[in-house]
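Worksheet for the structure shown next.
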């Protein structure tokens, strides 16, 4: 396993992070325990979850993933060996009405409530990295490449002030419930607002990571956020590095593997557009040309990025998990990287 610093901290996190959003939906507790046990033996020391999980979000599975991880901590006694990350959900009354009545905000009431509930489910006194799952304000994320400027009215865009949010998080850091803070699904403007607020007040905590989508099908992070990562030491935690499994090639030719995510949940179409499928065909063909596992090639590319702190992998089977973790041992030649760039130029960011 390889390790990198988590932002500007002294924490070393494994380049492979174990994602857990299938626990409690596609994976049972027993299967989740097996995954976490194996990941630890392979040197993975970083586990990511969220109050929202399992996915897809539903009232009857809300918090179930954290509960499973908490049960694992209690049973295995491995908490001190893990860098544990979780997230507070942002607002979304139309699709998460079961989370604080769908009005969750990044204010004292909501952060305190969400954090304490996560700590209880996780059966731990602290979370190493606490992240804001998506912006509270209206902006572009979850598949929207550009900001919708037409019709924008600043006075109608109400959200918690960045300083207020950081003050609340500082209270939790001082209480020992959080070690570090991060963002997720953020834009360059949002990241810099949080950095600037902390920079103007040394008492406020500084963000150390941004958990955003990044894969061969979505390299939009490179446009503005990669520079911030490098210059400000705010590392990328890449999620969906396989595009919901699409980059493995298993969905090509209209194949629908039994029990796979897109077979079970066909509404998740972010990585299934015509252009995305054409790009996937090209990447899979490239991997086959060099006798590489397509999924491992896709993960190896993400692992190699200089602005990356960790790649969040997910798996529903042990074979998938083993292959994904083993991607850390795959190193792409300059020739392969050049051909990846050629494909990227032909199909740029088909799945933002």
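Here are the numbers for this structure:
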item	result
Filter result for residue 260 (crowded, with 23+ Cβ neighbours inside 10 Å and closer than 20 Å to residue 18 by Cα)	no
Residues that are in contact with a helix residue (DSSP H, G or I) (Cβ under 8 Å, 6 or more places away or on another chain) and not in a loop (DSSP other than H, G, I, E, B), drawn from the range 281-294	281, 282, 283, 284, 286, 287, 288, 294
Hits in the range 14-38 (condition: free of Cβ contacts under 8 Å to residues at least 60 places away in the same chain and either within 17 Å of the chain's Cα centre (by Cα) or closer than 13 Å to residue 83 by Cα (or both))	23, 36
Contacts under 8 angstrom Cβ, first residue in the range 64-75 being closer than 15 Å to residue 34 by Cβ, partner at pLDDT below 95, 6 or more apart	72/78
Test: residue in the range 311-318 that is surrounded by 14 or more Cβ atoms within 10 Å (Cβ to Cβ), outside any helix (DSSP H, G or I), modelled with pLDDT under 95 and within 18 Å of the chain's Cα centre (by Cα)	no
Test for residue 41: is it over 21 Å from the mean Cα position of the chain (by Cα) and farther than 19 Å from residue 268 by Cβ	yes
Residue in the range 334-351 that is under 26 Å from residue 12 (Cβ atoms), in contact with a strand residue (DSSP E or B) (Cβ under 9 Å, 6 or more places away or on another chain) and surrounded by 14 or more Cβ atoms within 10 Å (Cβ to Cβ) present	no
Answer from 294, 306, 241 - the residue that is on the phi < 0 side of the Ramachandran plot, in contact (Cβ under 8 Å) with a residue 60 or more places away in the chain and surrounded by 14 or more Cβ atoms within 10 Å (Cβ to Cβ)	241
Residues of the range 70-112 classified as part of a helix (DSSP H, G or I) and either surrounded by 14 or more Cβ atoms within 10 Å (Cβ to Cβ) or touching a strand residue (DSSP E or B) at 6+ places or on another chain (Cβ under 9 Å) (or both), total	12
Yes/no for residue 278 being touching a helix residue (DSSP H, G or I) at 6+ places or on another chain (Cβ under 9 Å), over 28 Å from residue 141 (Cβ atoms), surrounded by fewer than 22 Cβ atoms within 10 Å (Cβ to Cβ) and in contact (Cβ under 8 Å) with a residue 40 or more places away in the chain	no
Those residues of the range 199-209 which are surrounded by 19 or more Cβ atoms within 10 Å (Cβ to Cβ) and more than 20 Å from residue 226 (Cα to Cα), in sequence order	204, 205
Qualifying positions in the range 121-135 - in contact with a helix residue (DSSP H, G or I) (Cβ under 8 Å, 6 or more places away or on another chain) and either outside any loop (DSSP other than H, G, I, E, B) or more than 24 Å from residue 11 (Cβ to Cβ) (or both)	121, 122, 127, 130, 132, 135
Helices (runs of 4 or more DSSP H) within the range 149-258 that include 2 or more residues under 30 Å from residue 337 (Cα atoms) and out of contact with any helix residue (DSSP H, G or I) (no Cβ under 8 Å at 6 or more places or on another chain)	225-232
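The values are calculated or read from the model by the stated rules, or taken from the named source; none is laboratory data. For clarity, every value in this text was computed on a predicted model and none was experimentally measured. Note: ideal-geometry Cβ built from the backbone for every residue, glycine included; neighbour counts use all protein chains shown.
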